[in-house]
Number of protein chains: 2
Amino acid sequence: MSEFFVSRWVPRPGHVQEDDRGGLPRGFRAAGVSAHVKPSGAKDLGLLVADAPETVSAARFTRSGVLAAPVIVSREHADVSRLRAVVANSGNANAATGRQGVDDALATQAAAAQVAGVEQIATAVASTGVIGVPLPLDRLLAGLEEVRGELRTDGDRDFAEAIRTTDKSAKRASLVVELPSGDVRLTAQCKGAGMIQPNFATMLCFVQTDAQLEQETAELLLGVTVKRSFDRISVDGQLSTNDTVVLMASGTSGVKVEPLSEDELRLGEALDALLRQLALMIVADGEGSKRTGRVVVSGEDPAVLEHVARAVANSPLVKTALHGGDPNWGRIAQAVGGALLDSSPLHFDIAIEGVTVFADGSALRFDEAALNAAVQRDEVEYVVALPGEGAETEVFFSDLSHEYVTINAEYTT
Amino acid sequence: MSEFFVSRWVPRPGHVQEDDRGGLPRGFRAAGVSAHVKPSGAKDLGLLVADAPETVSAARFTRSGVLAAPVIVSREHADVSRLRAVVANSGNANAATGRQGVDDALATQAAAAQVAGVEQIATAVASTGVIGVPLPLDRLLAGLEEVRGELRTDGDRDFAEAIRTTDKSAKRASLVVELPSGDVRLTAQCKGAGMIQPNFATMLCFVQTDAQLEQETAELLLGVTVKRSFDRISVDGQLSTNDTVVLMASGTSGVKVEPLSEDELRLGEALDALLRQLALMIVADGEGSKRTGRVVVSGEDPAVLEHVARAVANSPLVKTALHGGDPNWGRIAQAVGGALLDSSPLHFDIAIEGVTVFADGSALRFDEAALNAAVQRDEVEYVVALPGEGAETEVFFSDLSHEYVTINAEYTT
């Protein structure tokens, strides 16, 4: 019984096992402390260090027009192909903080590099929390001094704790991947609950492996798997100023993953399953979420499918129906119609949990009791078949709950 | 003290007075009864009749790709330039009901025309309510027989009641408009609370006047004023399958409104104020809404401004902050950034209630207590100034509340 791969939409690959030992792959240490950025005194500052000098890395960032200072610093003042350290804080996004914010992020980067014993240019910075409030730099710098004595090979738990905001639980995984050339380890720490949408979610995710990769391989694997995971989820249709994903490979397993090899394919499958399950954990942890939906849209034009899938996934009427365990497919039809203006008469089918409920403009008869029961489960699947063939997309989304309103109506005041 | 023009964003034009007498302009009768479409037994079937044979009309409909049967019938089986009757029901949208739905709408149209004593082609049909459920035609036809004895010149109250769904109150107005050529009357009945968004709201609105108009004038005035009212609001970003607006002019006042005349201008101003205030009543009645927001976006490219304004108005993070009376401008910045991908560094200003809080990438100092108090009022204004000049747009939007979730999570089950 898998404890990590809990979604029916992400089966555990046969060559991937959960690692009961926990802790980071060889070559990594981490820590998480309270720097008192969060008023609660919970952990809010983490540092992750790769001690192996051959570490290669790759990163992805938000595409928002409003980039947080740490994203600017990581993109412009770090070499993301050879990162050796990541410093991350919660409680303050250091976004919309202007020149001072960038200076603060640079100072954090310099201090973290010094504590980690690596070059400043090899250090990424990430923040999450409230927007528009100056970073309490003194507290972060003091916290980093505390981190110095806390870095441990099993520090991933504390690190994952330190990057949480409204997450109900820390999101972590520790996997062993059997490759043809030998076993490697794959771990990740992730956060994200609110403000989650395309390109990709408002989230931070840090992935480590002791596989030996070329930088191009790290870049390729991360690029493809982020597109299939964090790019395919939506909690509330909102794009963050701070999204950051970093993959680091220390090479300390001695297992070399050559480009275009079976090793690369297998490692890619493992990373894909890891990121998809983490993405689904974010959706399931959508602020106040009770149920996760998956909408699959098929048809001809990928751009149209993307537009329709997002319209369904972000429809508050669809999301409240999902929350209420209500098989109200009329709202799916409304969302599809609203996304495709002036397209009437539009022919498409809707299936919920495998039951076609709407075809060619009309409701079909179906077993209402069975469908009512099916939409009460934790995961509900909707399929929208538009005319034409050859393309398909999916979006995973959370429901919309009272708790979402409570959390977000009272976030700063 | 005006009772109808309650929003600060819609001042009452000096030549427009509220009409204490109420009732419809000369040449119109209406009624509203219970046809038992709604399980509650509340009124759910209305008929509006123009007895004057010279009546001219104009109409606007939803642009959804999924058109409800009554919209198909009104567009394809009625002449919207010379409507003499409108039959409208609540409790059932007759949408996504296929060929049977169209047949039912046609049968309703025929029966309503017979009761109204007008041609079938001069009769529009409108429905609102749950999607995907067959129309209970027998009950509607029986209800129309009951309507026959109820048509009265002051039947607009009952008619307005009969088109309500989740509206907290009936939306009506009865105005006297002083034109250079003489006084005319202008009345309207409107519904809309949920599923409200662009092009235009999920709503029904029926407008009557005893002014004497050419058909082209009716078409022009309705087209322009709908664009400035129902097209500029959003409750939840959802486009309905059923939106319908009908303007009918009976000509019975004897006041002739010539094209390009001062009369036309003045009548247009009155209609504009009427529809804008009705649109704001819909927003204020957004399911569970407590506060109304107005976002004004200025800049260079109208398409970009429209995209940004909608992104802000439909952001659940902005809407929950509005609900919470929270001056969290960071969420405005986030919504703007999320709407304009890959545009960093993006320079823009944000003002809330006239106070500039963010300029050129940074927060500004401002009187927090004063702003906190300002955003607790019923109407809150946000201004986003993008680079460039020459274009401006606005969107009115509701907040996002617990009640919205309650209403929509429990709508059908």
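The values are calculated or read from the model by the stated rules, or taken from the named source; none is laboratory data. The structure presented is a predicted model; accordingly, all values stated were derived computationally and were not measured. No Cβ is skipped: glycine too gets one built from the backbone with ideal geometry, and neighbour counts run over all protein chains shown.
Within segment A:66-85, being facing chain B (nearest Cβ under 10 Å) and either surrounded by 24 or more Cβ atoms within 10 Å (Cβ to Cβ) or of a type outside the set (A, V, I, L, M) (or both) holds for A:V66, A:L67, A:A68, A:A69, A:V71, A:R75.
The residue list A:A173, A:A142, A:A126, A:A160 contains one member that is in a strand (DSSP E or B) and closer than 21 Å to A:A112 by Cα, which is A:A126.
Across segment A:66-95, the qualifying residues are those that are over 19 Å from the mean Cα position of the chain (by Cα) and in a helix (DSSP H, G or I), and the one among them that is farthest from A:D158 (Cα to Cα) is A:E76. When each of B:A391, B:A351 is tested for being surrounded by 16 or more Cβ atoms within 10 Å (Cβ to Cβ), modelled with pLDDT of 95 or more and touching a Pro at 6+ places or on another chain (Cβ under 8 Å), the lone residue that passes is B:A391. Can you say whether B:E379 is out of contact with any Asp or Glu (no Cβ under 9 Å at 6 or more places or on another chain) and either surrounded by fewer than 17 Cβ atoms within 10 Å (Cβ to Cβ) or within 10 Å of chain A (Cβ to nearest Cβ) (or both), as far as the supplied structure shows? When the stated conditions are applied, B:E379 does not pass them. For segment B:288-300, indicate whether the set of residues that are touching a residue at least 12 places away in the same chain (Cβ under 8 Å), more than 30 Å from B:L346 (Cα to Cα), touching a Phe, Trp or Tyr at 6+ places or on another chain (Cβ under 7 Å) and not hydroxyl-bearing (S, T, Y) is non-empty. Yes. Looking at A:V176, A:V184, just one residue is touching an Asp or Glu at 6+ places or on another chain (Cβ under 7 Å), surrounded by fewer than 22 Cβ atoms within 10 Å (Cβ to Cβ), closer than 24 Å to A:M281 by Cα and hydrophobic (A, V, I, L, M, F, W, C), and that residue is A:V176.
Residue check: B:E394 meets all listed conditions (1) within 12 Å of chain A (Cβ to nearest Cβ); (2) of a type in the set (D, E); (3) not in a helix (DSSP H, G or I) but one, namely (1).
Here A:V308, A:V318 are screened, and the one residue that is touching a Lys or Arg at 6+ places or on another chain (Cβ under 8 Å), buried (at least 24 other Cβ atoms within 10 Å of the Cβ) and not acidic (D, E) is A:V318. Here segment A:113-142 is the region considered, the condition is being of a type in the set (G, A, S) and within 14 Å of chain B (Cβ to nearest Cβ), and the residue that is farthest from A:V86 (Cα to Cα) is A:G132. Kindly indicate the residue of segment B:275-305 that is within 13 Å of chain A (Cβ to nearest Cβ) and under 23 Å from the mean Cα position of the chain (by Cα) and also surrounded by the fewest Cβ atoms within 10 Å (Cβ to Cβ) among those meeting that condition. Only one residue fits best here, namely B:K290.
Filtering segment A:31-54 to residues that are in contact with a Phe, Trp or Tyr (Cβ under 9 Å, 6 or more places away or on another chain) and either within 14 Å of another protein chain (Cβ to nearest Cβ) or in a loop (DSSP other than H, G, I, E, B) (or both) leaves A:K43, A:D51, A:A52.
Quick one: is A:V224 among the β-branched types (V, I, T) and either in contact with a Leu (Cβ under 7 Å, 6 or more places away or on another chain) or at pLDDT 95 or above (or both)? Judged against the criteria, A:V224 is a match.
Residue-by-condition table, conditions (1) touching a His at 6+ places or on another chain (Cβ under 9 Å); (2) away from chain A (no Cβ under 14 Å); (3) under 30 Å from A:R99 (Cβ atoms); (4) assigned to a strand (DSSP E or B):
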position	(1), (2), (3), (4)
B:E264	no, yes, no, no
B:A313	no, no, no, no
B:I332	no, no, yes, no
B:I350	no, no, yes, yes
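Of everything in segment B:354-373 that is modelled with pLDDT under 90 and at positive phi, the residue that is nearest to the other protein chains (Cβ to nearest Cβ) is B:G361. Taking first residues from segment B:54-76 that are free of Cβ contacts under 8 Å to residues at least 60 places away in the same chain and partners that are among the β-branched types (V, I, T), the Cβ contacts under 8 Å between residues at least 6 apart in sequence or on separate chains come to B:G65/A:V336; B:I72/B:V102; B:V73/B:V102; B:V73/B:V125. Are any of the residues in segment B:111-126 at pLDDT 95 or above, under 19 Å from B:S34 (Cβ atoms) and of a type in the set (S, T, N, Q)? No, segment B:111-126 contains no residue that is at pLDDT 95 or above, under 19 Å from B:S34 (Cβ atoms) and of a type in the set (S, T, N, Q).
Could you look through segment B:55-65, keep only residues that are small (G, A, S) and not in a strand (DSSP E or B), and pick out the one that is surrounded by the fewest Cβ atoms within 10 Å (Cβ to Cβ)? Selected residue: B:G65. In this structure, does A:S343 turn out to be under 30 Å from B:R99 (Cβ atoms), part of a loop (DSSP other than H, G, I, E, B) and not acidic (D, E)? For A:S343, the condition - under 30 Å from B:R99 (Cβ atoms), part of a loop (DSSP other than H, G, I, E, B) and not acidic (D, E) - is met.
Scanning segment B:96-112 for residues that are more than 25 Å from the chain's Cα centre (by Cα) and within 13 Å of chain A (Cβ to nearest Cβ) yields a total of 5.
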